[in-house]
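Take a look at the structure below.
The values are calculated or read from the model by the stated rules, or taken from the named source; none is laboratory data. Keep in mind it's a predicted model, so treat the numbers as computed, not measured. In this analysis, Cβ positions are derived from the backbone assuming ideal geometry, glycine residues included, and neighbour counts consider all displayed protein chains. Surface areas here come from the heavy atoms of the whole protein model, side chains and all, with no ligands, DNA or RNA. Shrake-Rupley method; radii C 1.70, N 1.55, O 1.52, S 1.80 Å.
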Amino acid sequence: VVDALGARDDSWHGQWLSFWVTTGGAGVGFFFLLSGFVLAHTYARAFASESCPRHATGLRRNAHIHFWQARANRIYPTYLAALLLTTGSALWLGHLGLTPWAECRLDSCGLPWLLSLVPLQAWFPDVHIQQLWNAPGWSIAAEAFFYLLFPFLVTPVLACVRRWGWGVVAALWL
C-alpha cells in the first residue's frame, strides 16, 4: 500500500512508518498532558492570587483574561494561516473536480468552514464538518476548550495535589 508518506510494507522502512502512523495520535495526548503541566506551573500562582493587585509574574487582577489572550495570541494566528492555506488548496482541488470539494457550495460547506474558523469543528460528530477544511485543526478545537476551562480547574486540582499528593490525584484521573 502506498500513501502520502510512502510505502507501508514488510520492509524496515514500512514497519517503521506503520508504527509511527498508527501510534502518532498518542503524541497529541502527550503534548496536551505536557502542555497542561507547563501551564499549571506557569499560571497556577497567578490564578490563586488574583485578589492581589499585582503578582510577581506581572499579572494583574484579570489573570483569567490575560491567560486567554496570551493563548489566543500564541495559537490563533498560526491556526488561521493554516486554515486559509488549506482552504485555498481545497478550493483548487474542488476546481479540479476532486471530491468532496467539487460538491461544495456555500450552503453545504459554509458552516463547516465557519466552525473551523472559530475553532469549534471538533464538537460536531460529522466527519464532513470536522475534516473538510483543516483536518488537523480538531486538536486546536480541543485545546481551545481546555484553555477555556483551565483557569477554573488549575487551582482546585493543585489544592488536591497539596493535600493528597500527585499519586492520589493521578489515580483519580486515571
With every protein chain in place, the chain: carbon and sulfur % of accessible area (1.4 Å) = 70 percent
Rounded accessible area of ASP10 (nearest 10 Å², 1.4 Å probe) = 140 Å²
Here FRET efficiency (C-beta to C-beta, LEU98 to SER11, R₀ 35 Å, nearest 0.05) is 0.70
Please give the contour-minus-distance gain from ILE75 to VAL161: 0.36 nm per residue of separation, less the Cα-Cα distance, rounded to one decimal in nm.
-> 28.1 nm
Which length gain, in nm to one decimal place, applies between LEU114 and ASP126 when the Cα-Cα distance is subtracted from 0.36 nm times their residue separation?
-> 2.9 nm
Answer in debye to the nearest 20: the dipole magnitude of the chain about its Cα centre, from +1 Lys/Arg and -1 Asp/Glu charges placed on Cβ, is 1100 debye
Gain upon complete extension [LEU33, PHE152; 0.36 nm per residue less C-alpha separation] = 41.1 nm
The chain - accessible surface per residue (Å², probe 1.4 Å) = 68 Å²
Find the centroid of the Cα atoms in region 81-104 and in region 117-174, then give the distance between the two in whole Å.
-> 29 Å
Long-range amide H partners of TRP133, meaning residues 5 or more apart or on another chain whose placed amide H is closer than 5 Å, are none
Here the membrane-span-like helices of the chain, with no claim about any membrane, defined by DSSP H, Cα axial extent at least 30 Å and mean Kyte-Doolittle at least 0.5, are 25-48, 138-164
If N is the residue count of the chain, its Cα Rg over 2.2 N^0.38 Å rounds to 1.33
